Every structure is written in C-alpha cells, then in structure tokens.
Amino acid sequence: MSVTTAAAYATTASAQRLAERIRSATSLLVTSHDKPDGDAVGSMMALTRAARALGIRTEAWLAGSFDPALGTLLAGDTVCRAPESMPQGEFDLVAVVDTGSWSQLEHLGPWIRGRVDRCIGVDHHRSGDTGFTDRIVDTTCASCTQALVPVLDALGARFDAPGTGCAGSIAEALFAGLATDTGWFRFSGADASVFALASRLLRAGVEKDRLYRQLEETARPQRMGLLAHALGSMRWLAGGRAAVMTLSPEDFSRSSGSAEDLAGVVNAPMSVGSIEVSALLSQNEPGPVVKISLRSKPPMVRGGAFVDVNRLAGVFNGGGHVHAAGAKFRGTMAQASEAVAEAIERALAR
Ligand SMILES: [Mn+2]
C-alpha cells in the first residue's frame, strides 16, 4: 500500500462547475505564470473577454517580463502589469491559467496564497502544487487554451468578434495559445482534436497568416548578427549528428544584441538532415556563468530513437522538455563547451 502526502495534480471540477463559479462572481482577477508566453496570454485574454462580456469586472494581470510581440494579442484591451504595480482591492474570484506551480508565480504568488479559497485553475501541465479546490488539469490538451474551451462553452461565450474582425476576439486568443504551444501545429501534441479546434477557430474568423507574422516574424536586426556569430562558431560532433555553437560577451557587443535577440538561434542547425541535437552556449555578459540551450529532433519513425535533452540538461542541473531544454553552467566558455560536447556524445552513444 502506498501513502501519498500530496493530492495528485489532476482535475477536481467539471467545466460546468468552473463556469458557475465565474458566472456568480462580480469581480474576477485572471493571471498566469511569470514571463507569460503565447498560451498564457491567449488563455488569459480568452477568459478575460468571456467574463467581461458577462458584465463581470475583470482584471488581467501579466507578471514579469513580457515579449512585446505578444502585445498584438491584447488588441487594445486593458491589462495590468506586476511587479510594476500590484492588485488593489478585493476580488470574488481569482483564475490562474496555464500553470499550477507556485514556483512559476513569483510576483503574484504571495498575493494569491492569501486567497486560495477563492481561486480556480485551468491547466494542461503534468505537475503543480497550488492545490486550488476547483480546477481542470487536462494533460491531453496541447495548450491551456484548448483546456479552457469547455469552460468558455459552458459560459456560452461567443468566440468571434462581429464587426471588428479577428483582432481582439476570443477565437484569436485561443488560436494563439494552440499554435504557439504546438510549434504552429508541428509537435506531437498537435493531434486531431487540436486540428478540429483550429478549424473551429478559423471558421470564427482567425487570420492565421497575419497572426503568424505578428507573433513570429518580429525579430530585431540584431538577431541576424548573433546568428552570424553563432554559425561562425559552429562545431560539429559525432560525424554531423550534433552541433555546438557559442556566443561570447564580445559577440553580443559586436552585434549590439541582447538575450532577447537569441530566440530561435539554437534552432538554426535543425534544418540539416544529419543533425539530431543542437546546443547554444551563450555568455551575455562577462562572468562565470554560461547559459546552455539544447534542442533535439523528434524520432524519424514512431517509437524511434531521439535524444532527450531534458535528461541532457539534467547533467547540468537544468531541465525543460524532451526536445527543448536549458541549463546554466558555472565556469569558462571553454569548460562549458567541453562538458556539453562530452555529454552530447555520451547521449548519442546510448
Ligand atoms: Mn501552455
């Protein structure tokens, strides 16, 4: 017999139950994990719009740094930012979407902890410890926005935005989460149910080409400078099965780039057929810490072999997902480069 000390992180309430709690609230605060991504912002805006349409006084709180490209999803709707400010007054209900982990709620966590009795959660991650009484945790969903749909349907929310086009609609917010969390429908989680929902959202008016451009094609020219330096540093391993790239503080200053300009650089070698793993080691500023970014490709055949970079990052006390992970290394770039190359070669030899 096994004894569990913590309740499993799983669904405890129906979509109807969550909808009832939202409907009976007169004020609602909606938030998500720090440094909100497309799914977090999409989930927040979809729920915020649905609640506002019901006449509920609703505040949406973005916590921590915010990628300006995601600003398009706000479409002029009012949002609040923490920690620049903090919620004032009281709310009947607090909804936390796309996370159930206190560790991801650094800024608003202390405020939320004092109000767990009036919190609800909607999430699609496997682990969490916030323990709200009423929550939906659907790990079969590719995005939190997908897990949110039954709640919005139970609220009778209208997904399209008649007269104003797609911008600012619930459909656009839901689509943004679905698209970004599946790598624009490429990852294994993008199953038939994802495409069925995407189809419903396109029929509600989502302009996916415009959305792709606004969300994904927004880099500053500095990214090209960093990419050039990274490609110039590329070292091939294991007969072309892996690549290690480095970016030194000098590379950052010569290209006038910053950490925000790095997005996607680690993926560049992935277009090469033989590549299975890509690593980018970067040192934004002088110091003893090297940031490690790791990517791997899914297997060629179902059930086939691939490198689990979450496990690889674990060697350096980091983590993430099987195909995308990261870690921090204390030491020089040369030491980091040697250690990462060795770990990759070991992983490929398994
Ligand atoms: Mn998500």
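Below, the figures for the structure above:
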quantity	calculated
Centroid-to-centroid separation of the stretch 34-50 and the stretch 150-192 [C-alpha atoms, Å]	11
Nearest-20 debye value, the stretch 222-349 charge dipole, Cβ charges on Lys, Arg, Asp, Glu	300
Centre separation in Å (Cα based) which lies between the stretch 297-350 and the stretch 68-89	35
Straight-distance crosslink candidates among lysines, where the alpha carbon sits under 29 Å from residue 328 and sequence neighbours closer than 8 are dropped	35, 291, 297
Over the stretch 15-216, relative contact order from alpha-carbon pairs under 8 Å, at least 6 apart, %	24
Relative contact order %, the chain, counting alpha carbon pairs below 8 Å whose residues are six or more apart	12
Anisotropy class of the stretch 185-274 from Cα gyration tensor, a/c 1.5 cut	oblate
Translational diffusion of the stretch 275-350, µm² s⁻¹ [Kirkwood Rh, Cα pairs; Stokes-Einstein; 37 °C; 0.692 mPa s]	262
Convex hull (Cα only) mean projected area of the stretch 118-230, reported in nm² to one decimal	10.0
Cα gyration tensor, the stretch 74-179 - rounded (a/c under 1.5), prolate or oblate	oblate
log10 of Debye I(q)/I(0), alpha-carbon scatterers only, for the chain at 0.07, 0.12, 0.15 Å⁻¹	-0.33, -0.95, -1.30
Cβ-based net charge around residue 166, under 12 Å, with every Lys or Arg adding one and every Asp or Glu removing one	-1
Surrounding net charge for residue 104, when Lys and Arg each add one and Asp and Glu each subtract one, Cβ distance under 14 Å	-4
Among beta bridges that DSSP assigns inside the chain, antiparallel share in %, nearest 5	40
Debye, to nearest 20: dipole size of the chain, +1 on Lys, Arg Cβ, -1 on Asp, Glu Cβ	460
Convex hull per residue volume in Å³, alpha carbons only, for the stretch 1-98	138
Cα-based radius of gyration of the stretch 15-216 once divided by 2.2 N^0.38 Å, which approximates compact folds	0.93
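Rule-based calculations on the coordinates, nothing more; no lab input. Note that this is a predicted model, so its numbers are computed, not measured. Cβ sites come from the backbone with ideal geometry, for glycine too, and all protein chains shown count toward neighbours.
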